[in-house]
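Please read the structure below before turning to the comments.
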Amino acid sequence: MKRSVVRGAFAFSMLAAAGSSGAHSVESSDPMRKLVCEAMGGVDVTGEGVLTMGKDVTAAAVCQMPASQTASRNAAASPSAFPLSPVTVAVHPPSGNLVLPAGETQVTTSCAADLHIPAISGMPSVSAGLSTVKCRGYNTPTNSSAGCSIDWTGPTNVTLGAQPYGGRVVVNFSCVAFRSGIPTVMDYEYRDPTYPRLIYQARDVTGYLNIAR
């Protein structure tokens with residue numbers, strides 16, 4: 001395993017140990033979040049936006065990823081619900097198989113969005129837009145998502161014409177798991193305030209976390 005990944009995992013465990021729930025006015029720069037995002041090849045943008053965490057969320061780090069030649073997860077990009085918008089996004093709710101050590105109750109996962117905007121004549125090479133990411137996990141026996149929820153609204157830059165995507169935003173978080181399977185749901189929105197045509201919205205994209213102990 002790469003040393004940077006190990007440092008990133010350690011940094012996230014330290015974030016979880018110090019975490020608390022609720023609406024957060026986070027520092028613009030945090031060394032632990034910085035390590036988490038650098039391990040992924042991105043930069044920490046958590047403090048550039050507004051973060052709200054449910055009571056069962058113990059840590060969070062929001063990372064902005066650069067334009068990439070290789071998508072990190074397979075998912076079909078869907079067109080915007082707005083007919084004139086050229087923005088397509090692959091939305092990734094928390095999903096996958098996780099193994100927790102005996103006695104451990106926290107799961108670490110992420111929700112992400114891969115954005116593609118084609119090159120458009122008369123527009124700049126980078127769209128400086130705003131992302132709104134809302135993720136929730138139904139982590140209790142009563143199927144409540146009130147505690148395992150995280151919202152972030154903040155800046156996201158997208159390079160026009162880059163393939164397969166021109167920008168990526170990832171919300172990493174740890175959440176207490178009270179059950180072995182957690183259905184998840186993600187909402188995502190992107191808006192460029194300078195170019196209103198560049199807009200995207202997706203609602204109720206579902207995933208599933210299967211947890212083995």
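The values are calculated or read from the model by the stated rules, or taken from the named source; none is laboratory data. Predicted, not measured: the structure shown is a model, and the values here were computed from it. For neighbour counting, all protein chains shown are included, and Cβ atoms are generated from backbone atoms with ideal geometry for every residue, glycine included. Surface accessibility is based on the protein's heavy atoms, side chains included, excluding ligands, DNA and RNA. Shrake-Rupley method; radii C 1.70, N 1.55, O 1.52, S 1.80 Å.
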> So which of Thr156, Thr132, Thr142 is free of Cβ contacts under 8 Å to residues at least 60 places away in the same chain and in contact with a Ser or Thr (Cβ under 6 Å, 6 or more places away or on another chain)?
Replying inline: Thr132
> Looking at (1) open to solvent by 10 Å² or more (accessible area, probe 1.4 Å); (2) assigned to a loop (DSSP other than H, G, I, E, B), which is the only condition Asn139 fails?
Replying inline: (1)
>> Return the residues of segment 150-190 that are within 16 Å of Ser78 (Cα to Cα), open to solvent by 10 Å² or more (accessible area, probe 1.4 Å) and in a strand (DSSP E or B); say none if nothing qualifies.
In response: Tyr165, Arg168, Asp187, Glu189
>> Anything in segment 86-133 that is of a type in the set (S, T, N, Q) and buried (at least 16 other Cβ atoms within 10 Å of the Cβ)? List them, or say none.
In response: Thr88, Ser95, Gln106, Thr108, Thr109, Ser110, Ser127, Ser131, Thr132
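Give segment 32-48 a look and list any residue that's out of contact with any Leu (no Cβ under 8 Å at 6 or more places or on another chain) and either open to solvent by less than 20 Å² (accessible area, probe 1.4 Å) or part of a helix (DSSP H, G or I) (or both), or say none.
Listed by number, the residues that qualify are Lys34, Leu35, Cys37, Glu38, Ala39, Gly42, Val45, Thr46, Gly47, Glu48.
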> Condition test on Leu15, is it touching a strand residue (DSSP E or B) at 6+ places or on another chain (Cβ under 9 Å), assigned to a strand (DSSP E or B) and either at pLDDT 90 or above or not acidic (Asp, Glu) (or both)?
Replying inline: no
>> Need the failing condition index for Tyr208 against (1) buried (at least 16 other Cβ atoms within 10 Å of the Cβ); (2) hydroxyl-bearing (Ser, Thr, Tyr); (3) in a strand (DSSP E or B), just the number.
In response: (1)
>> Only one of Ser127, Ser131, Ser144 is outside any loop (DSSP other than H, G, I, E, B) and over 18 Å from the mean Cα position of the chain (by Cα). Can you tell me which?
In response: Ser127
